[in-house]
Amino acid sequence: MPDVVKVRAATNNEVAFISWDLDGMIPDCLGFEIVRLYPATGEERCLASWVPFKGQRNPRWIPQDTGVWPVQKTFWRDLTVRRRRDSIDVRPDGEMIAYRVRPVGDMKPGLDPVPVRPDQVVDGKNAYTGPARPLGYLGQGAVSPPIFLGQMFGKARVAFTNGVLSTQWMSHALQEAGIKVGDIPGIQKELKRRDSKIRAYLHGDVPDVLTNLLTRAKTKGGTVRLALYELGDDELCDALVNAKDCIEVILSNSAKDADTKRWDAGNKPLRDRLHNEGVVVTDRMFNNNHIGHNKFAVYRDPQGVPQAVLTGSTNWTTTGICSQSNNAFIREDPDMAAVYNAYWERMKADVLPPLPSTDAPGHAVQTQSVPFRTENHMPNPLNGATVPIDGLTVWFSPNDPLRNKKTLTVRPVDLTDVFTRMQAAKQAIFFLVFNPAQKGENSIVNEAKLAGLANKALIVQGVISEASAMPNYVPSTRDPVTKKSNNDGQSPFVFPDNVGDAPNMSIVRAANLTKGTIAGDFEAEALRAGFAIVHDKIVVIDPMGDHPTVITGSHNLGYKASYENDENMVIVEGDKTFAAAYAVHVLDVFDHYKFRAWRRKIGKPSKDYGIDIDDHWLVPYANGKKGALARYFP
C-alpha cells in the first residue's frame, strides 16, 4: 500500500513549512493529517484547518484540525508554530519539534479511526454545520527530523512580520473588533493601539528586534547609530527617546503628502518630538525623487568599537511592523558592523544644502555628493578600502560616481553582482519584492524570469506588490485628443498566464479575495492599510543547496535604488540555517497569495489552472499532480 515515505520541515521565528513525498498514489485518499510533535515532552498538536467538506459549512471560521478536514497538498504551512491567533503568548525558544504526516480517507472496517480532537461545540453552537465525516488512517505515514524552534540562525537573530492583512482570520478578527473590512482608518487606528491583540499578532518579534540594540546600549553601555527612512510609530519613537543618551539618528524625509503636497508630513510629528526631547538627530532632507531609504542601526561597545548590525526592510512605522510583509535581522559581526559604521559616518558627513523648511520641496542640488557615491562604488567599502567579510558582501547606494539619476543604459555595480548570482542558480530562486521596476525590466523580476526560461528545471517563485512590476504588465494608452486613459492595458495577477507555459515558474501579485472571487465560507478581505503589501526586498537562491544565498536589506532591487537612494544591501552566502529561515518566509507569503492571485485571474474555479474547489477541499494541483515546491523540498 503506498504511503507517505519522507517528511521534511524548516522554520523561522514565526512559521514552519512542511513537505512530504509519497511512494505512489494512495487509493481513496482524501488528504493528510499533520501533527506537530514535541519529542522532549511527548506532546502532540494536530495542525488547524478551516475549510470543510462539501455539505458542511464553517461560516464562523472556527478551526478544526487536519484530522477533521485533511490537507490535499504535499506541502503545508504551520502558521501557529510559535503564536496562537487568539493569544499574545508565544512558545518559548529552544524547543525541538517534528511533524508527522499520515494519509486519511473515509472511515471503513479495518481502518484505525482518526481522532476528533477539537470540541465540536463552541458557545453552545455547533462549530460547523452539516453531517460529520468520520475518517480513518490509510497508512502509518512518516515523521520529519526534529528542527529547532527559535530566532537565532547562524550569527543572526531573525524576525519576520505576520503583516498579511488579506486573510480570513483578519476578516473575522476585525469583525470581532467592530471594524468593517473596508474601513482603512478604523484598521489603522486598531493597529496603533498598543494593547491590541491584532497588532501584537501582526508585528510578532519585529519591534523587539528593532529596539534590541537600544536596550543593549542602555543596559550594557555603548552607543547606537541609526539611519532611518520613516518614523511613524509611537511605541518605537518611545524607545528612541528612552535611549536618547546613547543614540544618534540620521532621519531622512518621508514622501510628499498626497493632499497637502507638503514634504515629510509622515515623519514631521515624531521628528519634532525627537528634537524636542534632546535626541541627537541629523535631518537628511532630500524632498525630491532621491530618498534616504535605509533602515539600519549599528551597536558600538563602550570603547566605541562596532559590534553588531540591525538591517532589513522594516520601516519604523505602524504600517511597517503591522500591515506589510517585512523582515529584520541583527547580526553579531564586528567586521560587518565596522563597514556599516563607516557608511553611517560618510552619510553624516555628506551634508545637503539646507531647505527653508522641512516640508518645502527640494531641488536638483538636494542629492548625494560625488565623493559619497564614489566611496559606495565598491562592495564592503570601509574608508576607501575593500574589507572581506566571511560569507558576506555589503553594497551601499547610491553607487555610481558619474550619475545621480537612473539610466537604463548602464547597469549598476550592485545589481550586476545580484544578477550574476541569479543567473548561476541551479535549483531555485524565491523572491518577495515591492516595486523594483516597471514591467520587471532592469530588476530582479526580469532576471528571475530569464533564468527560469533558460533553465526549465529551475524553480522560480515570487510575489510582487506593484502591478507595474509584473513581467506581463502592459500600461494603458491615452486618447490623443482627450488625454484620458483608454483602459486597454493589462494589470495581471499571475505570470505566466498559463501554467503549462512554464510549470516551474510562478510569479504572482499580492491580492485579496473580493466579493467577485470568493466561494463557500470565504469572505471578502482587507488588503491595504499602507502603501505596500509585500514590502520585503528578498531574493533567496538555492536555499536547500550546498551554497545557499540570501539577498536582503533596504534596496528595492531595481535601478532607481542603486542610482538615487541611500540604501544598503546584504548578500549572505553559505549559511544554510539563515537561508532556510528566509526561504520559509518567502514561501509562506507566496503560498498565501498564489491562490488569491489565480482566483482573481480566472474569477471562478477551474481545473485547468490547478486550483479547483472540488467536492471537499482546495486542490492546488489538478489530477493529483505534485507541485514544484513539494518536489524540491523533500
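Out of curiosity, is ASN498 loosely packed, with under 12 Cβ neighbours inside 10 Å and either in contact (Cβ under 8 Å) with a residue 12 or more places away in the chain or not small (Gly, Ala, Ser) (or both)?
Working: loosely packed, with under 12 Cβ neighbours inside 10 Å: yes; either in contact (Cβ under 8 Å) with a residue 12 or more places away in the chain or not small (Gly, Ala, Ser) (or both): yes.
The answer is yes for ASN498.
Looking at the stretch 13-77, what strands (runs of 3 or more DSSP E) fall wholly within it and have at least 1 residues that are modelled with pLDDT of 85 or more and under 17 Å from ALA132 (Cα atoms)?
Numbers: elements: 16-22, 31-38, 43-46.
Fully inside the stretch 13-77 and qualifying: 31-38.
Applying the selection to the stretch 161-193, what residues are among the β-branched types (Val, Ile, Thr) and modelled with pLDDT of 80 or more?
In the first step, residues of the stretch 161-193 are kept if they are among the β-branched types (Val, Ile, Thr); the result is 161, 164, 167, 179, 181, 184, 187.
Listed by number, the residues that qualify are THR161, ILE179, ILE184, ILE187.
Taking the condition within 25 Å of the chain's Cα centre (by Cα) and in the same structural domain as LEU138 (by TED's automatic domain parsing), does ASN58 pass? Can you show your working first?
Working: within 25 Å of the chain's Cα centre (by Cα): no; in the same structural domain as LEU138 (by TED's automatic domain parsing): yes.
No, not satisfied.
Please work out if ALA177 is hydrophobic (A, V, I, L, M, F, W, C), closer than 17 Å to ALA328 by Cα and surrounded by fewer than 23 Cβ atoms within 10 Å (Cβ to Cβ). If you could, list the steps in order and put the result at the bottom.
Numbers: hydrophobic (A, V, I, L, M, F, W, C): yes; closer than 17 Å to ALA328 by Cα: no; surrounded by fewer than 23 Cβ atoms within 10 Å (Cβ to Cβ): yes.
Spelling it out, it is not the case that ALA177 is hydrophobic (A, V, I, L, M, F, W, C), closer than 17 Å to ALA328 by Cα and surrounded by fewer than 23 Cβ atoms within 10 Å (Cβ to Cβ).
Only residues that are farther than 26 Å from MET544 by Cα, of a type in the set (S, T, N, Q) and in contact (Cβ under 8 Å) with a residue 60 or more places away in the chain: list them for the stretch 434-464, please.
Matches in the stretch 434-464: ASN435, ASN442.
Mind listing whichever residues of the stretch 401-430 are among the hydrophobic types (A, V, I, L, M, F, W, C) and farther than 28 Å from GLY545 by Cα? Spell out the reasoning first.
Filtering the stretch 401-430 for residues among the hydrophobic types (A, V, I, L, M, F, W, C) gives 402, 408, 410, 413, 415, 418-419, 422, 424-425, 428-430.
Once the filter is applied, which keeps residues that are among the hydrophobic types (A, V, I, L, M, F, W, C) and farther than 28 Å from GLY545 by Cα, the stretch 401-430 yields LEU402, LEU408, VAL410.
Which of the residues spanning the stretch 392-429 are among the hydrophobic types (A, V, I, L, M, F, W, C), within 23 Å of ASN289 (Cα to Cα), modelled with pLDDT of 95 or more and not in a helix (DSSP H, G or I)?
Keep residues of the stretch 392-429 that are among the hydrophobic types (A, V, I, L, M, F, W, C), which gives 392, 394-396, 402, 408, 410, 413, 415, 418-419, 422, 424-425, 428-429.
Applying the additional criterion that residues be within 23 Å of ASN289 (Cα to Cα) yields 395-396, 402, 408, 410, 413, 415.
Next, from what is left, pick out any that are modelled with pLDDT of 95 or more: 395-396, 413, 415.
Within the stretch 392-429, TRP395, PHE396 qualify.
Going by the conditions given, is VAL164 surrounded by 17 or more Cβ atoms within 10 Å (Cβ to Cβ) and either aromatic (Phe, Trp, Tyr) or assigned to a strand (DSSP E or B) (or both)?
Details: surrounded by 17 or more Cβ atoms within 10 Å (Cβ to Cβ): yes; either aromatic (Phe, Trp, Tyr) or assigned to a strand (DSSP E or B) (or both): no.
In short, no.
Are any residues in the stretch 124-146 closer than 25 Å to VAL15 by Cα and buried (at least 20 other Cβ atoms within 10 Å of the Cβ), and if so, which ones? Please lay out each step first, then the result.
Going residue by residue through the stretch 124-146, those that are closer than 25 Å to VAL15 by Cα are 141-146.
Across the stretch 124-146, the qualifying residues are GLY141, SER144.
Every residue, every condition in (1) at positive phi; (2) in a helix (DSSP H, G or I); (3) without any contact (Cβ under 8 Å) to a residue 12 or more places away in the chain, yes or no:
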{"residue": "LEU174", "(1), (2), (3)": "no, yes, no"}
{"residue": "LYS180", "(1), (2), (3)": "no, no, yes"}
{"residue": "ARG194", "(1), (2), (3)": "no, no, no"}
{"residue": "PRO207", "(1), (2), (3)": "no, yes, no"}
{"residue": "LEU226", "(1), (2), (3)": "no, no, no"}
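The values are calculated or read from the model by the stated rules, or taken from the named source; none is laboratory data. Values in this document were obtained by computation on a predicted structure and should not be read as measured data. With ideal geometry, Cβ positions are generated from the backbone for all residues, glycine too; neighbour counts draw on all protein chains shown.
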